[in-house]
Amino acid sequence: MPTLLAEVPVLFLNTAIYARLSEDRSGESENVRIQIAECQDYATANGWPLVGTYDDNDIGASKYSKKPRPRYDALLSAIQLGRVHIILITEMPRLYRRLEELLTLIRMAETTALRRIQTTDGISYDLSTEEGVHAAINAVNNAMLEAARISKRVKRKQKKNAQNGKNHGGKRPYGYEADGVTLRPVEVAIIRECATRYISGETIAGIVRDLNARGVPSAQGKQWRTENLSRILLKRRYIGIREYNGAEYPAAWPAILTHGQHEQMAARKLTATTHGRKKGGPARSYLLTGPANCGRCGGKMVGGGRTAEADRAAQRRYRCQATDNLGGIVGCGKVYRAAEPLELLVTEAVLHVFDNPHVAVMLAPPQDEKTVRALVTEFERRKAKLGALVTDYATGLLNREQFAQAKGIAEAAMEEAREALSEYQDASTLALVRADQTLREAWATAGLAWRQNVIRLVVERITIHPATSGRGMWRGYKFNPEYIEITWKV
Ligand SMILES: [Zn+2]
């Protein structure tokens, strides 16, 4: 790319200010206006003409995906046009979060008028000398290491607080004031009432329905939901235990429930949730929750097993959901179906549909495709940056030490992107079927969420009609496929 340097009148110290609003690890942020004012004073004191002021709001940028910095890009354009000799900042981390970005700028300095990065605390990085480049790389590197150290320090402090039984902070726990220690008597009474009622045999849904009917608010001032109440009742905080990373410490706050109450509730909860669950299996192992509907009332079918009885083994099955998580009546609750043959039937039908090559073309993109694609792009970008570093080393722009340092950081960043990607592996579907695998092969090894996504791509609804006759065998199961109706999307 030809430089435009010659077309621009050169005032040697043309200065551009860059400021960035970002959140540091302690949650504090430095006002952009303060940064700019500080830079302006510094430029004035040195008699440097300002050619531009650029500022970005970087709050909310995730560790993995880069939030666009439009003004930073504008700054780069100004540099490209040869208008900038000095970038003035309050401190290095304002300019860069990542070393690769600095390396881009170092390369730009070779072909433009840009000469240095200057901080208002008086440090100057001369990008035209090897020493200056090295110092700049070190500064960014140190800022990154410092951020990591702060994070470790915060974690150590959290652990110490936990060992002392101190409150964790965050949202106000139900039953206590915001300090997490002082009791709130009205809520204490509610917790004790709920525990007593649950232990005496009432259902969570029934208690929730009653609380909502009485207008008793949750800690957030909202209606109660079954999952909130059942989670709260089993919190070990209420028996005076502070948990941290799997360890338990005596809490600094008063207990609300007794150990005995806690154990009784835990035992009841356990029998309620192990219905139909294979021993040691995942809690939510119902493939068809979502698309499965009751053919009698049109309501949702959910996973809910039958407990082992004297004459029958425990069984995974789907049932029509009678009450929702606010305790309201939503379905008839009368239709049940064994899970194994139903899932087998739907799986075979879905895989059969996917064997049709036209189907793949018609598929709607999965929900997370955007995120996954961004992560893949990010990963590829980092891989390319690493390649660029090798070139820089080969062409002598970086010496061996700088290269080793930059390479280590680039590789760590690649690993980060890879990890972030793996979190989405279950949520994304066909994009992650390996090239050497068929969908059938992938199905055999994929997780539940992945399979559910694949089903969602082609199945609109699965209707489970009431089985009027218990007779008929299918694949060794007491099951009649005729009562199952699959509505396809394609
Ligand atoms: Zn129903």
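The values are calculated or read from the model by the stated rules, or taken from the named source; none is laboratory data. Computed from a prediction, not measured in an experiment: that's the story for all the values here. Every residue, glycine among them, receives a Cβ derived from its backbone with ideal geometry; neighbour counts consider all protein chains shown. Calculation scope for accessible area: heavy atoms of the full protein, side chains included, ligands and nucleic acids excluded. Shrake-Rupley method; radii C 1.70, N 1.55, O 1.52, S 1.80 Å.
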Review point. When you go through Ile106, Ile137, Ile117 one by one, which is the residue that is open to solvent by less than 30 Å² (accessible area, probe 1.4 Å) and at pLDDT 90 or above?
Key: Ile117
**Study point:** Selected residue (criterion: farthest from the chain's Cα centre (by Cα)) from residues of the range 325-338 that are open to solvent by less than 50 Å² (accessible area, probe 1.4 Å) and under 17 Å from Thr203 (Cβ atoms)
**Key:** Gly333
Exercise for review: Please indicate, with yes or no, whether at least one residue in the range 194-213 is under 16 Å from Pro254 (Cβ atoms), outside the structural domain of Gly328 (by TED's automatic domain parsing) and open to solvent by 20 Å² or more (accessible area, probe 1.4 Å).
Suggested key: no
Check your understanding: How about the range 232-283: which of its residues are modelled with pLDDT under 85 and in a loop (DSSP other than H, G, I, E, B)?
Key -> Asn245, Gly246, Thr274, His275, Gly276, Arg277, Lys278, Lys279, Gly280, Gly281, Pro282, Ala283
